[in-house]
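Asker: The structure that follows is given in the form of structure tokens.
The values are calculated or read from the model by the stated rules, or taken from the named source; none is laboratory data. Since we're looking at a predicted model, the values are computed, not measured. Every residue, glycine as well, gets a Cβ built from its backbone with ideal geometry; the counts of neighbours run over all protein chains shown. What goes into the accessible areas is simple: the full protein's heavy atoms, side chains included, and nothing from ligands, DNA or RNA. Shrake-Rupley method; radii C 1.70, N 1.55, O 1.52, S 1.80 Å.
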Amino acid sequence: MYMANVKYFHLGQFFSLRALLSTFFGVGLVAITEFLLPWLGILQMETLWEWFTPITITFTLAVIFVTCALAKNVVASVLIGIAAVLSFYNPYETIDYGMAAILIVFLVTAFFAGFFATNEMTGRTGLLLIGIVFGLQGFIGSGVSMFLTMREQAHLDFHDNSVGISFGELMNNFPVYDTIVAAFSLIFMVVFIIISRKIVTKQMEGKKFEIIGQIIIFLSIAGALAFIVLSNVIYDFSTAVAIFGEKNAQFLNEIFSKVTNGNFMAVTFLNGLYILPIVGFGIGIGLAFIVYQRAEGTSGKMRFNFEGPFLILNLVPFLIICAYSFPFQNLIGSSSYFYLESATWFPIFTEFTNLLLINLLVAYIIFKIITIIRLIAKK
């Protein structure tokens, strides 16, 4: 799993056989998953529409996770990300509200998937990174929820249209649940900062800690998917238009559904903005076991390798709502053309969460297959 002398920003290493092959297959596969399959309607799984959205499930993110983690080079990541952007399938002939969002989704994902998979660090640094990254993403979820609940009351648009979406409720005008998530994020961050300061050297026998970490990661992703399937309500395009307007509904169709009349999902038992932070806490704990194994405690050197892309969670939807918020669009003079209504932030996080978790699960399975093949080849 450990590869010496591999540097993410070493441009010359792009011409290594590993990086070139990964880029070649990555570019080809994203063209298939992001354009060809949605264009042919192959990924429109009607049997799932009553249980799960997006209507069209694409596996472009999984391809990016796998190929960027294999390539371990910034040039490869950028090329794969650009290929995904250029391959983007728009179900509309003329409407285009989502190009900036597509740039954010694919380029940010490709860059950080390769970056976190490649960089060499000590176990202490790895634990510190886990604490900071997942702690901050917890603050994103709770912070956005707090804004929507206290300032915008965006959930009322859903409830007025009989969509029982869960949100960060107020008790005596105090955001209790948002505060709980934010407090847990802070605790998570502080705990990992503290344990990252401890110098531990331990000779490892077997792969016990690695296996435990892998199981925790798998259960975190699969458990969240199962929860979403069992705790949602699906609403159609006409209801979406009534909630946040036709332009915003078309934006969601462009980015996620790949059809012009897509259905969308609202989570009813748990605020949808909390799901990725909670999954992140589980993944972070699993990664901590893996770090402890690979770094032989905390003092040795290690790389996240295939597990690096699992650090990428809700940064992307946060950047999307920032880029399309009314203040920013007004600043650049585009608010008269398009901006995201605050109510649309809920489905953006929800649809992205669903798509990301499916792609993480697919990438996880592919990573395990690659690992098994490598072990067999070595024998």
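Asker: Quick one: Leu355 ticks every box in (1) open to solvent by less than 10 Å² (accessible area, probe 1.4 Å); (2) under 22 Å from Ala154 (Cβ atoms) bar one, so which box is it?
Answerer: (1)
Asker: OK, next. Looking at the stretch 337-352, can you tell me whether even one residue there is open to solvent by less than 30 Å² (accessible area, probe 1.4 Å), closer than 26 Å to Ser142 by Cα and in contact with an Asp or Glu (Cβ under 7 Å, 6 or more places away or on another chain)?
Answerer: Yes, the stretch 337-352 contains at least one residue that is open to solvent by less than 30 Å² (accessible area, probe 1.4 Å), closer than 26 Å to Ser142 by Cα and in contact with an Asp or Glu (Cβ under 7 Å, 6 or more places away or on another chain).
Asker: Any idea which of (1) closer than 25 Å to Phe346 by Cα; (2) open to solvent by 10 Å² or more (accessible area, probe 1.4 Å); (3) in contact (Cβ under 8 Å) with a residue 60 or more places away in the chain is the one Ala101 doesn't satisfy?
Answerer: Only one criterion in (1) closer than 25 Å to Phe346 by Cα; (2) open to solvent by 10 Å² or more (accessible area, probe 1.4 Å); (3) in contact (Cβ under 8 Å) with a residue 60 or more places away in the chain is unmet by Ala101, namely (2).
Asker: Taking into account only those residues within the stretch 204-234 that are in contact with a strand residue (DSSP E or B) (Cβ under 9 Å, 6 or more places away or on another chain) and not in a strand (DSSP E or B), which is farthest from Leu129 (Cα to Cα)?
Answerer: Restricting to residues being in contact with a strand residue (DSSP E or B) (Cβ under 9 Å, 6 or more places away or on another chain) and not in a strand (DSSP E or B), the top hit is Ser231.
Asker: How many residues are part of a helix (DSSP H, G or I) and of a type in the set (Asp, Glu) when one looks only at the stretch 293-320?
Answerer: 1
Asker: Out of the residues in the stretch 37-58 that are in contact (Cβ under 8 Å) with a residue 12 or more places away in the chain and of a type in the set (A, V, I, L, M), state the one that is farthest from Ser231 (Cα to Cα).
Answerer: Step by step, filter the stretch 37-58, then rank; the result is Leu37.
Asker: Return the pair list, or none, for Cβ contacts closer than 7 Å from residues in the stretch 170-189 that are charged (D, E, K, R) to residues that are open to solvent by 20 Å² or more (accessible area, probe 1.4 Å), at least 6 apart or on different chains.
Answerer: Asp178/Met146
Yes/no matrix, rows are residues, columns are (1) under 24 Å from Thr56 (Cα atoms); (2) open to solvent by less than 10 Å² (accessible area, probe 1.4 Å); (3) touching a Pro at 6+ places or on another chain (Cβ under 8 Å); (4) modelled with pLDDT under 90:
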site	(1), (2), (3), (4)
Thr260	yes, no, yes, no
Arg294	no, no, no, no
Gly308	no, yes, no, no
Leu311	no, yes, no, no
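Asker: Taking the criterion of being in contact with an Asp or Glu (Cβ under 8 Å, 6 or more places away or on another chain), modelled with pLDDT of 95 or more and aromatic (Phe, Trp, Tyr), would at least one residue in the stretch 72-88 satisfy it?
Answerer: Among the residues of the stretch 72-88, at least one is in contact with an Asp or Glu (Cβ under 8 Å, 6 or more places away or on another chain), modelled with pLDDT of 95 or more and aromatic (Phe, Trp, Tyr), which makes the answer yes.
Asker: Can His159 be described as farther than 26 Å from Phe310 by Cβ and either open to solvent by less than 40 Å² (accessible area, probe 1.4 Å) or of a type in the set (Ser, Thr, Tyr) (or both)?
Answerer: When the stated conditions are applied, His159 does not pass them.
Asker: From the list Ile187, Ile130, Ile180, which one is under 29 Å from Phe227 (Cα atoms), assigned to a helix (DSSP H, G or I) and open to solvent by less than 60 Å² (accessible area, probe 1.4 Å)?
Answerer: Exactly one of Ile187, Ile130, Ile180 is under 29 Å from Phe227 (Cα atoms), assigned to a helix (DSSP H, G or I) and open to solvent by less than 60 Å² (accessible area, probe 1.4 Å), namely Ile130.
Asker: Also: Applying the selection to the stretch 104-125, what residues are closer than 16 Å to Glu351 by Cβ and of a type in the set (A, V, I, L, M)?
Answerer: Ile104, Val105
Asker: If a residue must be of a type in the set (A, V, I, L, M), at pLDDT 95 or above and outside any helix (DSSP H, G or I), how many such residues does the stretch 325-372 contain?
Answerer: Residues that pass the stated criteria total 1.
Asker: Further question on the same structure: For the list (1) within 18 Å of the chain's Cα centre (by Cα); (2) crowded, with 24+ Cβ neighbours inside 10 Å; (3) of a type outside the set (Asp, Glu); (4) not in a loop (DSSP other than H, G, I, E, B), I need the number of the one condition that Ile290 fails.
Answerer: (1)
Asker: Test each condition in (1) in contact (Cβ under 8 Å) with a residue 60 or more places away in the chain; (2) open to solvent by 40 Å² or more (accessible area, probe 1.4 Å); (3) aromatic (Phe, Trp, Tyr) for Phe25 and report the one that comes out false.
Answerer: (1)
Asker: When you look at Phe106, is it open to solvent by less than 40 Å² (accessible area, probe 1.4 Å), assigned to a loop (DSSP other than H, G, I, E, B) and aromatic (Phe, Trp, Tyr), yes or no?
Answerer: Taking the combined requirement at face value, the residue does not satisfy it.
Asker: I'd like to check something: does the stretch 57-76 contain any residue that is open to solvent by 40 Å² or more (accessible area, probe 1.4 Å) and closer than 19 Å to Glu254 by Cβ?
Answerer: Yes, the stretch 57-76 contains a residue that is open to solvent by 40 Å² or more (accessible area, probe 1.4 Å) and closer than 19 Å to Glu254 by Cβ.
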